[in-house]
Every structure is written in C-alpha cells, then in structure tokens.
1. Cα gyration tensor of the stretch 40-190, axes a ≥ b ≥ c as square roots of the eigenvalues: rounded (a/c below 1.5), prolate (a/b > b/c) or oblate?
2. Looking at the stretch 1-98 from every direction and averaging, what is the projected area of its Cα convex hull in nm²?
3. Which percent, nearest 5, of DSSP beta bridges in the chain are antiparallel?
4. Taking K and R as +1 and D and E as -1, what net charge do the other residues with C-beta under 14 Å from the C-beta of Ala159 add up to?
5. Which value in deg cm²/dmol, rounded to the nearest 500, describes the helix-derived mean residue ellipticity at 222 nm for the chain, given -39,500 (n - 2.57) per DSSP H run of n ≥ 4 and division by the residue count?
6. If I build a Gaussian network model for the chain, linking alpha-carbon pairs within less than 10 angstrom, which residue out of Asp270, Asp132, Asp208 has the largest mean-square fluctuation?
7. Using a cut-off of 13 Å between beta-carbons, work out the net charge of the residues near Gln292 (Lys and Arg +1, Asp and Glu -1, Gln292 not included).
8. Could you work out the relative contact order of the stretch 191-305? I mean the mean sequence separation of Cα pairs under 8 Å and 6+ apart, divided by the number of residues, in percent.
Amino acid sequence: MTDNKTTNIPDIQSLINQLLSTPSISCTNQNIDQGNKNVINLLANWFESMGFQCEIQELEHHKDKANLIATLGKGNNGLVLAGHTDTVPLDEALWHVDPFKVTEKDNRFYGLGSCDMKSFFAVIIEALKSIDLNNIKQPLIILATADEETSMSGAKAIANNATRLGLNNARAAVIGEPTNMKPIHMHKGMMMEAIQLTGHAGHSSDPDLGNNALEAMYKVMGELLRWRDELQQKHHNPLFEIPVPTMNLGHIHGGDNPNRICGSCELQIDIRPLPGMRLSDLRVDMQQRLKQVLKNSGIQLKTISLTDGFDAMHTDKNSEIVQLAEKMTDSESQIVAFGTEAPYYNSMGLETIVMGPGSINQAHQPDEYIETKSLNTAVDIIRKLIGHYCC
C-alpha cells in the first residue's frame, strides 16, 4: 500500500532536475563559493509534504549555508540516510551539456551533482513512494549537509548537536556517496598542514648577517621524511591498496631573491592516516619533532592546519549494517581511498557505511553523469533498508 502523501511528489527525473537546477557550489575561493540554502529549502518542502518534521540548522560561518534534519517516526533504533548538498566548482567550457539541468542521453542523467551526490536524495524520495509511511515506527532521519566538498562544517555542526537533533534515536547510517551501491566500511583520514619558519633576512655576501629559513626548512623536510618512514613502519593495513599512511610534501615557498638570505619559508604537507591514527596525536607528534630539530637555531616555528581534516573511518565488518548491506547487494564490503563524512557519524555512535548509486570515477568531472539503471537498484535497496530498520 502506498501512502497518499507521496502522490504529489514529482518523478525521480524531475526531482533530480530541480536539485541540479539549484546551484550550490562550495569552494575555498570566496569568489566562487555559493550557499546551499535553496537546495535545503527544496528538500525540506518535499519531506514536509510527506509528513517529516524538518529542522533547518543554519551554519554560523555563512548565512546562506545550512543543514536539513528531516525525521519521521519515533523510537530509538532508527536509520539515518545522509548526503551532502554541495557540489565542486566546474569549468563550463569543458562541458558539452548544460551542467545545471538534467540531460538524459545514452541511459544516463548528465549534470553537475548528478553523481556526487544530489541524486541520492531523489532515490530516497522515490523509495518512500512505495512505502506506507504510516508503517514507519522507528525513526527515519534524513540528513542533508553543507560544505562536504570543502570544510565538512555541515557534518561537524550535526555531530556537535547530535543529541538535540535526535541522532541518538538511530543505530545505523548510510551515506549515499557514489560507490556503485557497494558498501564501504573503511577509508583513510586526511590532514593538511602548513609549516612556517621565520628567520632573519640579510645580504647574501655574509651568512652571519641573517638566519636562513630555507636552510632550516631543509632540516625540517629531512625530519618529516624520517617521521614518515617511522609511521609507515609502525602502521600497516594490508586491506588498503596503499597499505601505509602517506605523507606528501606538496607546496613550498621561501625567500624573494637569490642575493638575499631567506627570511621566511612555508611548506604545506598532506597526511593520509589509517584507521586507529588520530589527527590530534599526529599534530602533537609533528610539533614536538620540529621543535626539537630547530632547537637553538634561532628560527621561529609556526604550524597551521589548512583544514580541520577528518579521522579515518572504520565500521566493523561484523556490524549489522555492514552484514545487511552485503546481503542486500550480494557484494562484500570494500575499502576506498577517498574521504567522506562517515567519521562524524561514527563519532555519534552510529554504525555507518558509505553506499550510493553512481561511480566515483564520474565525480568532479566535466559532463558528470549517473547511469539511470543504477538509480533503480539504489531505490530498491534503500527501500529494503528503510523497511528493515524503520517499519
């Protein structure tokens, strides 16, 4: 029996088209960055029309950015279905279709966010159309977040207010990132740090006239590479394609002229930790090592986190949600290299997997698309998950 509250909801292609037609690019460049509140309001209207209680959580740092928490049902053993509403920036000159509407071609829906990951919300709504919503007994909680592609500030705001928002009334979460509907139970974390050294500039003809920050950075880089070797010897997980934590020395800049002693130098690094490695511990360890290598050098050290980063995600393969998803998809749970909001949901006590329609290979690409057949599979599996946890 289908609940009549869903009869006025558009078909799945129209849902996706309306979502894609509502731009919500997030970017660290403020000239490109957009709000997502129009997408949030669109989703809230649809879910409210189906009887969900909707709360819009505005983010403190941006008046046009918000999260949606839509809840149907009461109890304490429900299901969270989560996704982000922002997209990456684009170069329209590289697109062959209009990125801000659905173009149906070759059994695909093209458009910015079609794969990553606005279509997941349309999948949820389509799944609800074939469920009698009066049978929802345990809470079904839909989370739609802001800024996943940049700071993950949306997921952080939800995690910081989890109890008030009712997240303790659920026991499992599915994040609908594109995984070809294969359940993901583990991925690495990420941190990006800037290391700034300040010495003293002077004429290059006499080294005693200054204190060379670039030469000091040479010592810092050597220590970082020694630390990397130690981390890779200590931490190893053969389940990952790259089974060790990685450290990339990605950007360096120092000095301004060859005949001046370099007065300042900055290095930016990227670290991808394995599950079990905490970002806070890594930052403390790095600080202590660099202070020691620069001891008595007269060089000033400052480290800055370029992003808050995120811890690695790990949900036990024996947990109910992993076992259930493996059975429903007839596939073993997997491990991926890309990061998601999953660590924040794990931190709330939710057994969390990442599983959604589409391929990560299409994400962040010109002419982004999602296979239409993948949507049908996703609708069926999401319907079954709702039935298991909530009905």
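1. It comes out prolate by the Cα gyration axes.
2. 8.7 nm²
3. 70 percent
4. Value of the local net charge: -3.
5. -9000 deg cm²/dmol
6. Asp208
7. Around Gln292, the charge tally is +3.
8. Across the stretch 191-305, relative contact order equals 42 percent.
Coordinate-derived values only; no laboratory data. Just so we're clear, the structure is a prediction, and the values are computed from it rather than from any experiment. Note that we place each Cβ from the backbone using ideal geometry, even for glycine, and neighbour counts take in every protein chain shown.
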